[in-house]
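I have placed the structure first, in the form of structure tokens, so that the comments after it can refer back to it.
The values are calculated or read from the model by the stated rules, or taken from the named source; none is laboratory data. Treat the numbers as computed from the prediction; the structure is a model and nothing was measured. In this analysis, Cβ positions are derived from the backbone assuming ideal geometry, glycine residues included, and neighbour counts consider all displayed protein chains. Side chains included, ligands, DNA and RNA excluded: accessible areas come from the protein's heavy atoms. Shrake-Rupley method; radii C 1.70, N 1.55, O 1.52, S 1.80 Å.
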There are 2 protein chains.
Amino acid sequence: MYKVKEVANLVGVSVRTLHHYDEIELLQPESITPAGYRLYTNQNLKRLQQILFFKEMGISLQQIKNILDRPDFDQLEALRMHEEMLKKKKSRIDTMIQTVQQSIHALEHGNEMEETEMFKGFDMKEIEEHQKRYAEEVRQTYPNDLVKQSEQKTSQYTAQDWKRIKEETNDIYQAIASHMSQGPDDPEVQRNVARWHQFITNNFYDCSIDIFRGLADLYVADERFTKNIDKHKEGLAVFLSEAMIIYCDEQQK
Amino acid sequence: MYKVKEVANLVGVSVRTLHHYDEIELLQPESITPAGYRLYTNQNLKRLQQILFFKEMGISLQQIKNILDRPDFDQLEALRMHEEMLKKKKSRIDTMIQTVQQSIHALEHGNEMEETEMFKGFDMKEIEEHQKRYAEEVRQTYPNDLVKQSEQKTSQYTAQDWKRIKEETNDIYQAIASHMSQGPDDPEVQRNVARWHQFITNNFYDCSIDIFRGLADLYVADERFTKNIDKHKEGLAVFLSEAMIIYCDEQQK
DNA sequence: CATTGACTCTAACGTAACGTGATACTCTAC
DNA sequence: GTAGAGTATCACGTTACGTTAGAGTCAATG
């Protein structure tokens with residue numbers, strides 16, 4: 001069992017960082033003493049290691065939380081991707097070292113470098129590509145059979161069907177959005193989440209509770225979803241996601 | 001001559017980044033078209049290269065500006081330090097790669113890693129040390145003879161002298177602080193900056209205009225100075241620095 | 001010559017991930 | 001018993017842009 005400063009020293013982060021991670025429920029201590037002190041275990045440290053690897057990859061803390069909270073999170077697979085990413089970062093730094101050495105050489109010999117040569121290595125494109133790909137893999141939640149089921153159903157939809165679907169979607173989202181101040185476990189919010197669940201099963205595919213839970217993650221993990229949902233109301237995606245998780249917890253009692 | 005998007009593409013930064021650098025006077029385009037378009041030259045690109053190297057070192061944009069604006073900025077020396085820093089970053093990533101490989105190995109074989117082993121490489125201490133040392137070297141503005149002159153003078157000061165010096169310092173700072181809203185070129189502000197200049201010469205060392213200008217840089221480049229001065233009023237260090245530079249420009253006309 | 005799409009500008013709000021400082025309680029070594 | 005280190009919460013501040021909006025500019029095209 002470790003106290004907060006012990007963890008901070010061991011790992012090389014600040015106490016404030018650990019407090020922050022606790023606040024956002026990214027890394028919550030295993031237990032709390034009567035005085036309110038945080039106590040961390042080896043299990044916490046393992047999760048913290050993963051967090052730091054993901055951070056090194058440039059993944060946001062919210063996304064890291066979503067990843068680590070997934071029931072099907074594959075630690076070994078994640079470690080392999082971390083290794084790949086670190087090798088890419090190393091390669092980028094190697095390129096930058098070459099650039100700086102060529103810059104030194106050019107300066108010492110009064111030469112001019114090509115513009116494209118001057119900036120080799122700074123480009124974050126390759127790393128950002130990797131981040132994107134990883135995020136893409138992480139949010140690949142749909143089993144193929146669901147995609148097929150959905151495609152089978154929707155391929156027969158008329159424009160009228162889509163209009164109805166869009167209207168009902170808006171209706172449900174607005175109903176949930178208008179109760180954001182009541183909290184995600186508000187009965188009215190939960191009623192509409194149930195509507196949403198039923199709506200997906202009626203119109204797209206058989207949506208089990210586990211799949212619905214995965215969808216909740218997706219709404220915040222995939223910024224395209226987040227953006228789209230937040231068009232109804234700022235912050236709705238996070239709120240809806242939380243409400244869906246509460247709903248799933250209730251259904252699975 | 002390049003337009004803003006051309007530079008952005010060549011270098012791998014965003015247009016917004018270049019706008020931002022222009023706004024804070026870190027990288028100002030060589031010229032502006034009648035339509036207000038920014039035009040960059042090869043000289044701008046060279047400075048941008050330096051900026052990106054310093055950014056890679058984790059130096060703040062304000063500090064980068066201070067460094068690059070110094071008349072005695074040594075580009076070759078800076079490039080050498082960039083190389084050194086990049087090698088340290090590479091070394092850190094190598095350590096992290098080893099950590100992740102050992103983590104994979106431990107997981108595959110059902111072993112437990114030592115806590116200290118789990119977090120090797122994450123620690124930014126060595127890199128932060130390097131940043132600090134670099135910042136230290138950058139703000140080493142005092143020639144040794146001034147330090148000696150100051151030490152010679154102040155070694156004879158009594159407690160009464162120090163009391164008087166402290167009071168006069170406070171007096172000058174308060175006078176300047178109370179005119180911050182008037183702008184750094186306000187006559188009253190400039191009068192007190194002259195007082196400050198004379199005060200340093202009277203009490204510490206012969207303070208030439210160039211040295212005074214260097215001191216102005218130091219007040220914002222060295223966060224210990226910044227913090228100390230800002231105790232009088234938030235933002236006073238930056239304001240005083242600007243006022244001192246205006247004063248020096250006036251003196252050197 | 002008008003149009004259009006890409007590019008450019010300024011302005012301003014928003015954001016993530018903490019740092020920092022204040023205040024008060026807790027714990028442990030001396 | 002005490003002092004210093006460690007712990008808690010709270011809340012404001014910060015950096016470095018991203019993003020959006022609205023409007024002007026430019027060059028290719030029909």
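Anything over 19 Å Cα to Cα? Flag those among A:K120/B:K87; A:K55/B:K89; B:K55/B:K125; A:K3/A:K65; A:K132/B:K87, in the order listed. Before the final figure, lay out each step's value.
Numbers: A:K120/B:K87 16 Å; A:K55/B:K89 16 Å; B:K55/B:K125 17 Å; A:K3/A:K65 22 Å; A:K132/B:K87 27 Å.
Beyond 19 Å: A:K3/A:K65; A:K132/B:K87.
Find the accessible area per residue for the protein assembly as shown; the probe is 1.4 Å, ligands and nucleic acids are left out, and the unit is Å².
On the way: 27490 Å² over 506 residues.
Ligands and nucleic acids excluded, the result is 54 Å² per residue.
Can you tell me the dipole magnitude for the range B:144-251 around its Cα centre, using point charges on the Cβ only (Lys, Arg +1; Asp, Glu -1), in Debye to the nearest 20? Present the calculation step by step, with values, prior to reporting the outcome.
Values: 12 positive and 19 negative charges, 96 e Å.
Using only the charged Cβ atoms, the result is roughly 460 debye.
State, as an integer percentage, the relative contact order of chain A based on alpha-carbon contacts under 8 Å between residues 6 or more apart. Please list the in-between numbers first.
Values: 204 pairs, mean separation 35.3, N = 253.
Relative CO of chain A lands at 14 percent.
Defining the label point at 7 Å along Cα→Cβ, can you sort the distances from A:E128 to the same site in each other copy, shortest first, in nm?
In ascending order, 2.8 nm.
In Å², rounded to the nearest 100, what is the total accessible surface buried by chains A and B against each other with a 1.4 Å probe? All intermediate terms of the calculation are to be shown ahead of the outcome.
Working: alone 15750 and 15770 Å², together 27490 Å².
Rounded to the nearest hundred, the buried surface is 4000 Å².
Kindly give Rg over Rh for the range A:22-115, based on alpha-carbon atoms, with the Kirkwood expression for the hydrodynamic radius. Before the final figure, lay out the partial values.
Numbers: Rg = 20.7 Å, Rh = 16.5 Å.
Taking Rh as the inverse mean 1/r over Cα pairs, Rg/Rh reads 1.25.
Between copies, how far apart are the B:K166 label points? List them in nm, one decimal, shortest first, with each point 7 Å from Cα toward Cβ, please?
7.3
Over all Cα pairs of the protein assembly as shown, how is the pair count split among 20 Å bins, expressed in % and running from 0 up to the last occupied bin?
It works out to 17, 38, 34, 10, 1, in whole percents.
List the extent of the Cα atoms of the range A:4-62 along each of their three principal axes, largest first, rounded to whole Å.
37, 22, 20
Wrap a convex hull around the Cα atoms of chain B, take a quarter of its surface area, and give that in square nanometres. Before the final figure, lay out each step's value.
Values: hull surface 79.2 nm².
Spelled out: convex hull of the Cα atoms, projected over all directions, averaged, 19.8 nm².
Suppose R0 equals 22 Å; then what is the FRET efficiency for A:S178 and A:D249 from their Cβ-Cβ distance, rounded to the nearest 0.05? Walk me through the intermediate numbers first.
Values: r = 23 Å, r/R0 = 1.06.
Taking R0 as 22 Å, the efficiency between A:S178 and A:D249 is 0.40.
For the range B:75-138, just run the numbers: alpha carbon Rg, then divide by 2.2 N^0.38 Å, N being how many residues it has. Show your work: numbers first, answer last.
On the way: Rg = 15.8 Å, N = 64, 2.2 N^0.38 = 10.7 Å.
Output field value: 1.48.
Whole angstrom only: what separates the Cα centroid of the range A:204-253 from the Cα centroid of the range A:45-120?
31 Å
Give me the base-10 log of I(q)/I(0) for the range B:144-251 at each q in 0.10, 0.11, 0.19 Å⁻¹, Debye formula, one uniform scatterer per Cα, rounded to two decimals.
The Cα Debye sum returns log10 ratios of -0.27, -0.33, -1.01.
Dipole size in debye (nearest 20) for chain B around its Cα centre, Lys and Arg Cβ +1, Asp and Glu Cβ -1?
Numbers: 33 positive and 43 negative charges, 75 e Å.
Result for chain B is approximately 360 debye, rounded to the nearest 20.
Would you please give the FRET efficiency between B:K55 and B:K231, computed as 1/(1 + (r/R0)^6) with r the Cβ-Cβ distance and R0 = 30 Å, to the nearest 0.05? Walk me through the numbers before you get to the answer.
Numbers: r = 29 Å, r/R0 = 0.98.
Given R0 = 30 Å and the Cβ-Cβ separation, E is 0.55.
Take every Cα pair under 8 Å in the range B:4-59 that's 6+ residues apart, average their separations, divide by the length, and report that relative contact order as a whole percent. If you can, show how the numbers build up before the last one.
On the way: 37 pairs, mean separation 13.5, N = 56.
Relative contact order of the range B:4-59: 24 percent.
Report, for A:G58, each distance to the same residue's label point in the other copies, shortest first and in nm; define the point 7 Å along Cα→Cβ.
1.8
For every helix of n ≥ 4 consecutive DSSP H residues, a contribution of -39,500 (n - 2.57) applies; sum these over the protein assembly as shown, divide by its total residues, and give [θ] at 222 nm rounded to the nearest 500 deg cm²/dmol. Each step should come with its number before you reach the end.
Working: 26 runs with 354 residues, N = 506.
One gets -22500 deg cm²/dmol as the mean residue ellipticity at 222 nm.
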